[in-house]
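**Student:** The structure that follows is given in the form of structure tokens.
The values are calculated or read from the model by the stated rules, or taken from the named source; none is laboratory data. Bear in mind the structure is a predicted one, so any value in this text is a computation, not a measurement. Glycine also receives a Cβ, built like all others from the backbone with ideal geometry; neighbour counts cover every protein chain displayed.
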Amino acid sequence: MGVTQVVTAGIISPRRLFRKALCSLMLALPMGDNMTICLDSDTFSEALDSIMTSKPQVLLIDCENMPVSFSYVRRVREISPSTRCLLFAEKAGDEVEAQAAHNGAWGLITERADQDTLQKAIQAVLKGEMWFSPMTMARTVQSLVQHKLPDASTPDKLTAREAEITALLAKGFQNKEIAQRLLISENTVRRYTETIYRKLRVNSRVEVAVWYYQRSDH
């Protein structure tokens, strides 16, 4: 039997009661037995050192001020590229989600989200999937295509299988769907995705989609 991987998570929120409640809720999730809260801070400046040293896999950021929160996300990408930011907001919409995705967040959920939604969002970003609406993903890709990405024009050559998975990623298929379609395991899909990211010199599925649609007539 394999060893269960422990998920490391962090929470940043100036609202102490909200932060403590969210921490308790996360640990009470079905996946909570395999989760460690390695960062619990009320300010981003206070959390910086912990982010750099502990490098949580998932970082939940309470968005009281959207522009400021987006700057936090960009900073996290600089100091801990492996950390995936999931934003909490009082309310959300396509425009806010598009801005969050464009700034590098992996997802956005509202404070009204139930326990099941929270777990699904965390599991999605851990698998390398983004937690946004299809409309948001489409708008973000369109915006990035217009501005074009640096360094993506001359990637290392993809194998036939990698090219096949790249197309599916760009079209919005999730890991489970790709695995079922290609008759491979989800772990194999994740390994291929990591290789594709490295070869294309990108960090997210949005950027994979941009690369794909810049170079095809699909």
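**Student:** Could you tell me which residue of segment 157-206 is surrounded by the fewest Cβ atoms within 10 Å (Cβ to Cβ), considering only residues that are modelled with pLDDT under 90 and of a type in the set (Ser, Thr, Tyr)?
**Tutor:** TYR197
**Student:** Select, from PRO14, PRO56, the only residue that is in contact (Cβ under 8 Å) with a residue 24 or more places away in the chain, exposed (fewer than 15 other Cβ atoms within 10 Å of the Cβ) and in the same structural domain as LYS127 (by TED's automatic domain parsing).
**Tutor:** PRO14
**Student:** So, LEU59, is that one aliphatic (A, V, I, L, M) and under 14 Å from the mean Cα position of the chain (by Cα) or not?
**Tutor:** yes
**Student:** Give segment 71-90 a look and list any residue that's over 14 Å from the mean Cα position of the chain (by Cα) and farther than 17 Å from CYS23 by Cα, or say none.
**Tutor:** SER71, TYR72, ARG75, GLU78, ILE79, GLU90
**Student:** Name the residue, out of ARG75, ARG84, that is surrounded by fewer than 17 Cβ atoms within 10 Å (Cβ to Cβ), closer than 23 Å to VAL202 by Cβ and either modelled with pLDDT of 90 or more or aliphatic (A, V, I, L, M) (or both).
**Tutor:** Criteria check complete, one pass: ARG75.
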